[in-house]
Amino acid sequence: MVYLSRIYTKSGDGGQTGLGDGTRVSKDSPRVTAYGEVDELNAVLGLLAVHCPNCPDAELLRVIQNDLFDVGADLCVPPGENENPELTLRVTAAQHERLEKAIDRLNEGLQPLRSFILPGGTPAAAWLHLARTVCRRAERSVVTLMATEAVNPNALIYLNRLSDYLFVLGRVANGNGAGDVLWVPGKSR
């Protein structure tokens, strides 16, 4: 359980922060960037929930917000050689498999795409497209981190599936794709 008695500690005033294992790193380190972008994605989903309370799959979106805290916690603690799985929170395959099942369920009612989609349509779809782009940025940050440090591969897989889920859910929020705004190549030439 998390217990916060003080919000400010002044320990980051010099540009460093503490990881979950107590290691001090620069606030612009790839690991901090990665979990910071996951946090930003979670905030976008919070805005979606507030502005579009009737968004399709709202219950799963709330589960996803909890999952994103798991992803952040996972990224915040560098994997150790002899870590105890009972003490370290790691993203599991079951979490991204849940997203795959949701994508399959939602995609059943959608017509195949014949063009790329512009972000827009309904307010919920627009928020979902914003969340998708933030998710892709977080995913890229995790890839950057993985180039130099150990990362649980399930965290990356989760973000990859989540961006796909957000795309499909955006189409569902646009009347199962009927309200999708399609890209017309060269339209303004």
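Any chance segment 74-90 includes a residue that's at pLDDT below 95, out of contact with any strand residue (DSSP E or B) (no Cβ under 9 Å at 6 or more places or on another chain) and either hydroxyl-bearing (S, T, Y) or on the phi > 0 side of the Ramachandran plot (or both)?
yes
Can you name every residue in segment 52-65 that is surrounded by fewer than 19 Cβ atoms within 10 Å (Cβ to Cβ) and under 21 Å from R137 (Cβ atoms)?
Q65
Anything in segment 137-177 that is surrounded by fewer than 16 Cβ atoms within 10 Å (Cβ to Cβ) and touching a Gly at 6+ places or on another chain (Cβ under 7 Å)? List them, or say none.
The one that is surrounded by fewer than 16 Cβ atoms within 10 Å (Cβ to Cβ) and touching a Gly at 6+ places or on another chain (Cβ under 7 Å): N176.
For V91, only one of the following conditions fails: (1) surrounded by 18 or more Cβ atoms within 10 Å (Cβ to Cβ); (2) within 17 Å of G177 (Cα to Cα). What is its number?
V91 satisfies every listed condition except (2).
Looking at segment 98-110, can you tell me whether even one residue there is in a loop (DSSP other than H, G, I, E, B), within 26 Å of G22 (Cβ to Cβ) and not small (G, A, S)?
So far as segment 98-110 goes, no, none of its residues is in a loop (DSSP other than H, G, I, E, B), within 26 Å of G22 (Cβ to Cβ) and not small (G, A, S).
Give segment 56-102 a look and list any residue that's farther than 19 Å from D164 by Cβ and among the hydrophobic types (A, V, I, L, M, F, W, C), or say none.
The answer is F69, A73, L75, C76, V77, L87, L89.
Taking the options L68, L128, name whichever one is at pLDDT 95 or above, surrounded by 18 or more Cβ atoms within 10 Å (Cβ to Cβ), within 15 Å of the chain's Cα centre (by Cα) and within 22 Å of L145 (Cβ to Cβ).
When all the criteria are applied, what remains is L68.
Any idea which of G36, G72, G20, G46 is more than 30 Å from G170 (Cβ to Cβ) and of a type outside the set (D, E, K, R)?
Unique residue meeting the criteria: G20.
For segment 29-63, give me each residue that is part of a loop (DSSP other than H, G, I, E, B) and in contact with a Gly (Cβ under 8 Å, 6 or more places away or on another chain).
Taking segment 29-63 and keeping what is part of a loop (DSSP other than H, G, I, E, B), we get 29, 52-57.
Across segment 29-63, there are no qualifying residues.
Residue-by-condition table, conditions (1) touching a helix residue (DSSP H, G or I) at 6+ places or on another chain (Cβ under 8 Å); (2) of a type in the set (D, E); (3) assigned to a helix (DSSP H, G or I):
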site	(1), (2), (3)
T148	yes, no, no
L156	yes, no, yes
L159	yes, no, yes
V168	yes, no, yes
G179	yes, no, no
R189	no, no, no
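Against the condition at pLDDT 95 or above, among the aliphatic types (A, V, I, L, M) and touching a Cys at 6+ places or on another chain (Cβ under 7 Å), how does L99 come out, does it pass? Give the derivation first.
Working: at pLDDT 95 or above: yes; among the aliphatic types (A, V, I, L, M): yes; touching a Cys at 6+ places or on another chain (Cβ under 7 Å): no.
Against the criterion (at pLDDT 95 or above, among the aliphatic types (A, V, I, L, M) and touching a Cys at 6+ places or on another chain (Cβ under 7 Å)), L99 does not qualify.
The values are calculated or read from the model by the stated rules, or taken from the named source; none is laboratory data. The shown structure was predicted, so the numbers you read here are calculated from the model rather than taken from an experiment. As a convention, Cβ positions derive from the backbone with ideal geometry for all residues, glycine included, and neighbour counts pool all protein chains shown.
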